[in-house]
Amino acid sequence: MTTQESSTVCPVFCQHPLVPERALVKGRAINSAAGLSAAFLVSLSLAPAQAQAQPSAATAPEAASGWSEKPEWRFSKFAVATAHPLASEAGALMLKEGGSAIDAAIASQMVLGLVEPQSSGLGGGAFLVHGNGREVHVYDGRETAPAATTQALFLHSSDRQTPQPMAFEKAKRGGRAVGVPGLIAMLHLAHQDHGRLPWKRLFEPAIELAEQGFPVGQRLHRLLLGDRLLREDPAARAYFYDQRLDPWPVGHRLRNPMLANVLRGLAAKGPDFFYTGEVAKAIESAVQKHASDPGGLGQKDLQNYKALRRSPLCFNWKVEAQANSYKICGPPPPSSGPLAIGQILGILRHQEKRSRSADRDHLYLEASRLAFADRALYVADPKYLSHESRQWESLLESSYLKARSQLITEKSLGLAPAGVPAGFPGKQLGGMPLQPEAGTTHLSIFDGSGNALALTSSIESAFGSRTMVKGFLLNNQLTDFSFKPLDEHGRPIANRPEPGKRPRSSMSPLLVLDSQTQEPVMAVGSAGGAMIIHYVAQSLLHTLRDGLRPQHALEQSHLGSLNGPSLLEAGRYPKAQADLLAGRGAELRFIPMTSGTQLVMRRGDELWGAADPRREGWVVGE
């Protein structure tokens with residue numbers, strides 16, 4: 001079976017290549033949490049990963065774990081695309097019971113935090129975009145810096161004359177980098193606005209799986225095998241590894257009763273159970289008493305956390321060769337993703353007459369450099385900006401992007417300069433140096449009532465700060481701040497650490513709307529650190545500009561630039577094409593690009609789902 005068109009939820013275990021035939025339950029659909037968990041308590045196997053080049057820390061935050069061919073999914077009513085089949089089943093189950101897209105997202109995310117703990121969970125944060133054909137709402141659950149944070153957070157205190165930034169590998173592990181988690185507060189806020197099912201019901205699939213156990217997948221096993229730091233945390237060591245400190249094998253049934261207890265408390269008492277009481281005390285203790293690198297997060301920081309409703313950042317995109325025009329919406333800063341994607345697409349619009357494939361890739365790379373130059377200088381938590389750069393639309397104005405596009409020539413810019421749009425004090429700010437950004441997950445959902453959402457959540461690095469509390473891992477999101485608060489000329493860097501501040505993010509959950517009807521056309525987003533911006537932008541180009549079917553679009557090779565070398569996907573980007581790009585003067589680097597894109601797209605009366613073949617994602621629907 002390669003295409004799904006039936007009117008019932010086709011269970012993941014009917015089709016998923018990770019599950020052997022003996023796991024099938026006579027082809028019947030899962031209709032309870034118990035059935036959902038029982039169906040997957042089997043050994044899993046994946047095709048071996050192809051040999052990959054070593055990743056760059058700044059661009060490939062999670063290791064590759066193989067390529068898994070995916071079918072095309074088509075449905076008539078609803079679709080749930082997540083990074084793991086169990087999470088997709090949990091979300092589809094909520095929709096089958098009459099829940100909303102938000103209900104499905106919460107159920108899916110709770111399962112993801114259990115089965116994909118390297119990428120997201122209760123100890124992290126998220127951005128969510130929700131549309132209903134009339135309005136678009138954005139929810140900001142980004143972590144915040146503790147009140148005790150100073151601008152010298154990641155500087156070596158021993159070097160007082162010329163303090164130097166810490167090594168990223170040291171900074172990310174321990175309490176220092178832990179920001180106040182925002183995921184559960186954000187999901188509760190969104191549920192208050194758009195939920196249909198009782199809050200408690202949404203936790204039942206994850207509780208069931210945590211209690212009964214879930215099969216360790218190939219990706220989790222490989223990341224555990226390759227991680228050098230996680231074994232140093234006693235709680236993580238006891239949970240993820242056996243007595244010989246080997247990671248549990250693929251197919252091992254892993255139970256998490258501590259997380260089940262936390263989920264049960266959240267289901268009964270809401271976010272207060274997390275932000276106050278025993279859970280808050282445990283988080284404070286793990287951070288402030290960390291054996292090697294304690295941090296400043298305390299119970300008061302948790303009690304004071306607020307998820308935010310924000311106005312969406314939207315821009316119009318007309319595909320030149322077609323009559324279609326789209327409105328694309330996502331979170332504004334501190335997310336940098338939708339803004340950078342809007343700039344890239346806007347710059348390309350002024351260069352679209354150059355249509356040969358070599359030109360297209362060159363133009364994309366140059367537009368990327370220009371967008372990332374602006375990102376490094378201007379984008380930060382808007383609450384902490386004293387200048388007028390809260391007017392982010394000036395970075396997307398057609399006249400500004402046209403002027404930026406005129407910097408593109410036949411030769412690569414190499415390192416592009418930032419622009420100075422109206423209201424932005426470019427000469428007063430320092431540009432943020434390139435730093436690693438890391439692990440994330442994404443889910444996209446269309447429900448049966450015209451609602452669509454895109455949710456990207458993260459704990460930053462794979463396995464976050466390598467600090468486990470009550471069955472979940474704490475984030476290291478504060479490493480998304482600039483380690484250096486000032487540039488070499490003494491100018492402040494906008495994204496420097498400050499108390500209560502939300503670090504800049506690359507998370508890019510997007511909704512694409514029909515410009516005329518305002519109806520959702522696509523929900524899309526990805527994992528992958530700073531490269532998220534490119535993975536999502538290229539998904540839009542491949543589907544809406546080039547007309548590729550969604551799953552085929554996600555199988556295309558990746559490229560991008562963070563305003564440095566031209567980055568090309570190792571083992572997949574065509575050599576002949578690379579040779580042409582090399583002739584344009586840019587430094588080329590071939591790296592693994594472990595994207596994790598999940599996409600749902602409306603085409604006529606059908607919903608087409610797609611999941612990135614580079615990870616374990618799956619789509620379930622009706």
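Counting just the residues of the range 401-423 that are farther than 11 Å from ARG584 by Cα and among the charged types (D, E, K, R), which one comes out surrounded by the most Cβ atoms within 10 Å (Cβ to Cβ)?
Among residues in the range 401-423 that are farther than 11 Å from ARG584 by Cα and among the charged types (D, E, K, R), the one surrounded by the most Cβ atoms within 10 Å (Cβ to Cβ) is ARG404.
Evaluate the following for ALA171: is it open to solvent by less than 10 Å² (accessible area, probe 1.4 Å), small (Gly, Ala, Ser) and over 30 Å from GLY448 (Cβ atoms)?
yes
List pairs: first residue in the range 72-99 and of a type in the set (Phe, Trp, Tyr), second residue assigned to a strand (DSSP E or B) anywhere in the structure, Cβ distance under 6 angstrom, at least six positions apart or on different chains.
Here the result reads TRP73/GLN4; TRP73/GLY609; TRP73/VAL619; PHE75/LEU607; PHE75/GLY621; PHE78/PHE446; PHE78/GLY621, each pair linking the range 72-99 to a residue that is assigned to a strand (DSSP E or B).
Got a sec? Which helices (runs of 4 or more DSSP H) wholly within the range 262-330 have at least 2 residues that are over 23 Å from LYS200 (Cβ atoms) and in contact (Cβ under 8 Å) with a residue 24 or more places away in the chain?
Ranges flagged: 277-288, 299-303.
Select, from LEU415, LEU385, LEU407, LEU339, the only residue that is more than 23 Å from the chain's Cα centre (by Cα) and without any contact (Cβ under 8 Å) to a residue 60 or more places away in the chain. Quick ask: steps written out before the conclusion?
Working: LEU415 fails: without any contact (Cβ under 8 Å) to a residue 60 or more places away in the chain; LEU385 fails: without any contact (Cβ under 8 Å) to a residue 60 or more places away in the chain; LEU339 fails: more than 23 Å from the chain's Cα centre (by Cα).
Selected residue: LEU407, the only one of LEU415, LEU385, LEU407, LEU339 that is more than 23 Å from the chain's Cα centre (by Cα) and without any contact (Cβ under 8 Å) to a residue 60 or more places away in the chain.
Somewhere in the range 235-245, is a residue in contact with a helix residue (DSSP H, G or I) (Cβ under 7 Å, 6 or more places away or on another chain), farther than 29 Å from THR144 by Cβ and among the hydroxyl-bearing types (Ser, Thr, Tyr)?
Yes, some residue in the range 235-245 is in contact with a helix residue (DSSP H, G or I) (Cβ under 7 Å, 6 or more places away or on another chain), farther than 29 Å from THR144 by Cβ and among the hydroxyl-bearing types (Ser, Thr, Tyr).
Just for the range 506-520: of the residues that are of a type in the set (A, V, I, L, M, F, W, C) and more than 10 Å from the chain's Cα centre (by Cα), which one is surrounded by the most Cβ atoms within 10 Å (Cβ to Cβ)? Explain how you work it out, then say what you get.
If we filter the range 506-520 for residues that are of a type in the set (A, V, I, L, M, F, W, C), which is where we start, we get 507, 510-513.
Imposing the further condition that a residue be more than 10 Å from the chain's Cα centre (by Cα) reduces the set to 510-513.
Values: LEU510: 29, LEU511: 27, VAL512: 25, LEU513: 21.
Once the filter is applied, the top-ranked residue is LEU510.
Residue by residue through the range 568-606, note down the ones that are in a strand (DSSP E or B), surrounded by fewer than 24 Cβ atoms within 10 Å (Cβ to Cβ) and either of a type in the set (S, T, N, Q) or in contact (Cβ under 8 Å) with a residue 24 or more places away in the chain (or both).
Within the range 568-606, GLU569, ARG589, PHE590, ILE591, ARG602, GLU606 meet the criteria.
Is it the case that some residue within the range 203-222 is surrounded by fewer than 21 Cβ atoms within 10 Å (Cβ to Cβ) and of a type in the set (A, V, I, L, M, F, W, C)?
Within the range 203-222, none of the residues are surrounded by fewer than 21 Cβ atoms within 10 Å (Cβ to Cβ) and of a type in the set (A, V, I, L, M, F, W, C).
Among ARG160, ARG176, which is basic (Lys, Arg) and modelled with pLDDT of 95 or more?
ARG176
Can you tell me how many residues in the range 515-539 are among the hydroxyl-bearing types (Ser, Thr, Tyr) and either at positive phi or not in a loop (DSSP other than H, G, I, E, B) (or both)? Give the derivation first.
Of the residues in the range 515-539, the ones among the hydroxyl-bearing types (Ser, Thr, Tyr) are 515, 517, 526, 535, 539.
Then keep just the ones that are either at positive phi or not in a loop (DSSP other than H, G, I, E, B) (or both); that gives 535, 539.
Residues meeting the conditions: 2.
So is GLN192 within 23 Å of GLY98 (Cα to Cα), open to solvent by 20 Å² or more (accessible area, probe 1.4 Å) and either part of a strand (DSSP E or B) or free of Cβ contacts under 8 Å to residues at least 60 places away in the same chain (or both) or not?
On the way: within 23 Å of GLY98 (Cα to Cα): yes; open to solvent by 20 Å² or more (accessible area, probe 1.4 Å): yes; either part of a strand (DSSP E or B) or free of Cβ contacts under 8 Å to residues at least 60 places away in the same chain (or both): yes.
In short, yes.
From GLU488, GLU437, GLU460, grab the single residue that is buried (at least 24 other Cβ atoms within 10 Å of the Cβ) and over 24 Å from LEU263 (Cα atoms).
After ruling out the rest, the residue left standing is GLU437.
Among the residues of the range 291-310, which ones are open to solvent by 90 Å² or more (accessible area, probe 1.4 Å) and either more than 20 Å from the chain's Cα centre (by Cα) or under 26 Å from ASP233 (Cα atoms) (or both)?
At the first step, the residues of the range 291-310 found to be open to solvent by 90 Å² or more (accessible area, probe 1.4 Å) are 291, 300, 303-304, 306, 309.
Result: ALA291, LYS300, GLN303, ASN304, LYS306.
Can you name every residue in the range 314-347 that is at pLDDT 95 or above, open to solvent by 10 Å² or more (accessible area, probe 1.4 Å) and either among the aliphatic types (A, V, I, L, M) or under 14 Å from PHE372 (Cα atoms) (or both)?
Once the filter is applied, which keeps residues that are at pLDDT 95 or above, open to solvent by 10 Å² or more (accessible area, probe 1.4 Å) and either among the aliphatic types (A, V, I, L, M) or under 14 Å from PHE372 (Cα atoms) (or both), the range 314-347 yields only GLY346.
Among the residues in the range 521-543, are any out of contact with any Leu (no Cβ under 8 Å at 6 or more places or on another chain), within 20 Å of LEU365 (Cβ to Cβ), modelled with pLDDT under 95 and open to solvent by less than 10 Å² (accessible area, probe 1.4 Å)?
Checking the range 521-543: at least one residue is out of contact with any Leu (no Cβ under 8 Å at 6 or more places or on another chain), within 20 Å of LEU365 (Cβ to Cβ), modelled with pLDDT under 95 and open to solvent by less than 10 Å² (accessible area, probe 1.4 Å).
Quick one: in the range 549-564, of everything that is more than 20 Å from the chain's Cα centre (by Cα) and over 30 Å from GLY585 (Cα atoms), which residue is surrounded by the most Cβ atoms within 10 Å (Cβ to Cβ)?
This residue is ARG549.
Exactly one condition in (1) buried (at least 17 other Cβ atoms within 10 Å of the Cβ); (2) over 30 Å from HIS156 (Cβ atoms) is not met by ASP227; state its number.
ASP227 satisfies all of (1) buried (at least 17 other Cβ atoms within 10 Å of the Cβ); (2) over 30 Å from HIS156 (Cβ atoms) except (2).
Whether any residue in the range 110-129 is of a type in the set (Gly, Ala, Ser) and over 24 Å from SER506 (Cα atoms) is what I want to check.
no
Test GLY113 against the criterion of being part of a helix (DSSP H, G or I), at pLDDT 95 or above, touching a strand residue (DSSP E or B) at 6+ places or on another chain (Cβ under 9 Å) and open to solvent by 10 Å² or more (accessible area, probe 1.4 Å), and give yes or no.
So GLY113 passes the test.
The values are calculated or read from the model by the stated rules, or taken from the named source; none is laboratory data. Keep in mind it's a predicted model, so treat the numbers as computed, not measured. No Cβ is skipped: glycine too gets one built from the backbone with ideal geometry, and neighbour counts run over all protein chains shown. Protein only, heavy atoms only, side chains kept; ligands, DNA and RNA dropped before computing areas. Shrake-Rupley method; radii C 1.70, N 1.55, O 1.52, S 1.80 Å.
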